[in-house]
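Bear in mind these aren't lab numbers, they're just calculated from the coordinates by the rules spelled out. Keep in mind the model is a prediction, meaning the values are calculated, not measured. Note: ideal-geometry Cβ built from the backbone for every residue, glycine included; neighbour counts use all protein chains shown.
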Amino acid sequence: MKKAEAQPFDKHARTIVREREPFNSGAPLDLLGERFITPIELFYVRNHAPVPRIDEQSFRLKIDGMAKRTLDLSLEDLRAKYTKHEVTATLQCAGNRRDDLISVREIPGEVKWGAEALGTATWGGVRLRDALESAGVGEGAAHVEFIGGDEVEKQGKTFGFGGSIPLSKALSEEVLLAFEMNGRALPDVHGAPLRVVVPGYLGARSVKWVRKISVQREASTNYYQAHAYKIFPPHITAENADWTTGLMLGEMSVNAAICAPEAGANMPEGKCAISGYATAGGGRSVERVDVSIDGGASWVEAEFVRSEENDASSNDARWAWRLWTCEAELSKGTHTVIARAFDSAANTQPESAASIWNFKGYMNNAWHRVEVDVN
Ligand code: MTE
C-alpha cells in the first residue's frame, strides 16, 4: 500500500489541503465529525500569508489607542499578572461551505471550502477583559482592534492581518488571549505564541500571532475588516462593490453539516447511520437538528451525541458545536440526505444556497445536502 504523504504543520495524513502557500487545510468530514474536541492534527487552518515564526522570549504584546495606559507585555507578564482560564469553543471560518455557493455561481479568487473549515478546541489563556481593565478604557471607546504578526501583501502594501470586535464583546468573559490549545502550547500555525479567541464570532476575528491591541472609537480599518469579511447583496460583484457599504460580519449564524455518509457514497439498502455537526453563533446554542431523506418533504429529529462535553446541560454549550446522529431506513435508489439546525432563538437555515449567494462567498448556512446511492 502506498504510504500516506506527511502533511505540513503536523497535520493528519488525510488532511484536505485547499492551498499550499499560504497553507489552508481542513479534515475530511468523517474524521472531523468523530470527536467533540477536534485533535490539533485535524483542526482546520486558514492563513492569508506565510506562517511567521515568533520568538516567545522576545515577544511583546502592545495595548494602546484609547487605553488610559499603554501596556507592553511579555508572555511571562501575561501569565503572571492575569488568571488563566479555559474556554471550549468552535472556531468557524466565514467561508465554511463556500463550495455550495460556488455551485450556484462562480466565486473567483476565494478558497473552495467544503464543510471542513471549522473545529472545536479547549483554548487556554487569559481574559482579554482582564488585560483591558488593567490598561483602562478611555471614554468614547467602542471597538477593540487586533493586529497579527504575519505579513500580508495586498493593494501594494504589506501589513499584519487584523480586525476588531465591539468593546462590549471584548469585555465578555469568553474572549481570550490564548497561549494553549487542547492543553498544549499553541502551535505556530494556529498563532503561537498568542492569539485572540472570540467565541461565537467568525474565525477572522480570532487574530493569530496577535502583537497589538488597540482600543478605538471606530471599527478597524484593516483590509480584513473594512474590505474582506463583508457580505453584499447577490447583485453586487467585485467590479461594482462600494467597499464603504456592505455588512461587516460578526456573530455566526446557525449551521449544520452531514459528516457521514459522505457525498456520493454507495451503500447497501437498509439501516443507515447519519451523523454530523451543528453550530450556532453569538452565544446562542444548538437546540434541534432535523434530517430528511426525501429531499425535505418529511423530517425526523436527530439525537445529540451524549458525552459530558457535548451535553448542553452539563457544559457552557453556547460556544461549541453539537454533534448529532440519526438512523434512517434507505430503500434502493438515489437519495438526497438533508440536515438543518435550529438555535436557541429559533433561528433556522435557509433552504437554498442560491438565495444567500454573495460574491465573496461568506456565511453559507443553507440546508446541507448529501446525495447517496443505495443498491
Ligand atoms: N490571524 C492572522 N494573523 N492571519 C490570518 O490569516 N486568519 C483568520 C483567523 N486569524 C488569520 C488570523 C481566519 S479567516 C480564520 S477562519 C482563523 O484565524 C483560522 O484559525 P486557525 O487557522 O487556527 O484554524
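For beta carbons closer than 7 Å, sequence separation of 6+ or different chains, a first residue in the range 33-58 that is free of Cβ contacts under 8 Å to residues at least 40 places away in the same chain and a second that is assigned to a loop (DSSP other than H, G, I, E, B) and more than 10 Å from the ligand (Cβ to nearest atom), the qualifying pairs are Glu41/Lys11; Glu41/His12. Ala317 meets each of the listed conditions (1) in contact (Cβ under 8 Å) with a residue 40 or more places away in the chain; (2) closer than 30 Å to Lys169 by Cα apart from (1).
A residue that is surrounded by fewer than 16 Cβ atoms within 10 Å (Cβ to Cβ), closer than 19 Å to Lys208 by Cβ and within 13 Å of the ligand (Cβ to nearest atom) occurs nowhere in the range 53-71.
Only one of the numbered conditions (1) among the charged types (D, E, K, R); (2) under 20 Å from the mean Cα position of the chain (by Cα); (3) assigned to a strand (DSSP E or B) is violated by Arg288, and that is (2). Taking the residues in the range 174-188 that are touching a strand residue (DSSP E or B) at 6+ places or on another chain (Cβ under 6 Å) and part of a strand (DSSP E or B) as candidates, determine which candidate is nearest to Val87 (Cα to Cα). Here the residue is Leu176.
Looking only at the range 251-285, residues that are within 30 Å of Glu174 (Cα to Cα), among the polar types (S, T, N, Q) and part of a strand (DSSP E or B) come to 3 in all. Taking the criterion of being more than 20 Å from Val198 (Cα to Cα) and touching a Pro at 6+ places or on another chain (Cβ under 7 Å), the residues of the range 52-111 that qualify are Ile54, Glu56, Phe59. Name the single residue that is surrounded by the most Cβ atoms within 10 Å (Cβ to Cβ) among those in the range 237-285 being among the acidic types (Asp, Glu), more than 18 Å from Arg369 (Cβ to Cβ) and more than 18 Å from the chain's Cα centre (by Cα). Looking at residues that are among the acidic types (Asp, Glu), more than 18 Å from Arg369 (Cβ to Cβ) and more than 18 Å from the chain's Cα centre (by Cα), I get Glu269.
Residues in the range 159-173 that are of a type outside the set (Asp, Glu) and either more than 10 Å from the ligand (Cβ to nearest atom) or assigned to a loop (DSSP other than H, G, I, E, B) (or both): Phe159, Gly160, Phe161, Ser164, Ile165, Pro166, Leu167, Ser168, Lys169, Ala170, Leu171, Ser172.
Return the residues of the range 1-14 that are within 16 Å of the ligand (Cβ to nearest atom), touching a helix residue (DSSP H, G or I) at 6+ places or on another chain (Cβ under 8 Å) and part of a loop (DSSP other than H, G, I, E, B); say none if nothing qualifies. Of everything in the range 1-14, those that are within 16 Å of the ligand (Cβ to nearest atom), touching a helix residue (DSSP H, G or I) at 6+ places or on another chain (Cβ under 8 Å) and part of a loop (DSSP other than H, G, I, E, B) turn out to be Lys11, His12. Checked against (1) closer than 26 Å to Gly276 by Cβ; (2) surrounded by fewer than 18 Cβ atoms within 10 Å (Cβ to Cβ); (3) in contact with a His (Cβ under 8 Å, 6 or more places away or on another chain), Arg35 passes all but a single condition, namely (3). Val17 satisfies every condition listed in (1) hydrophobic (A, V, I, L, M, F, W, C); (2) within 15 Å of the ligand (Cβ to nearest atom); (3) farther than 30 Å from Gly136 by Cα; (4) part of a loop (DSSP other than H, G, I, E, B) except (4).
The residues of the range 76-103 that are within 19 Å of Val207 (Cβ to Cβ) and crowded, with 19+ Cβ neighbours inside 10 Å, listed by number, are Leu78, Tyr82, Val87, Ala89, Thr90, Leu91, Gln92, Cys93, Ala94, Gly95, Asn96. Across the range 127-150, the number of residues qualifying as within 20 Å of the chain's Cα centre (by Cα) and more than 14 Å from the ligand (Cβ to nearest atom) comes to 3. Just checking, how many residues over the range 352-375 are in a loop (DSSP other than H, G, I, E, B) and more than 13 Å from Ser103 (Cα to Cα)? Qualifying residue count for the region: 6. Inside the range 181-229, residues that are within 11 Å of the ligand (Cβ to nearest atom) and free of Cβ contacts under 8 Å to residues at least 12 places away in the same chain make up a count of 1.
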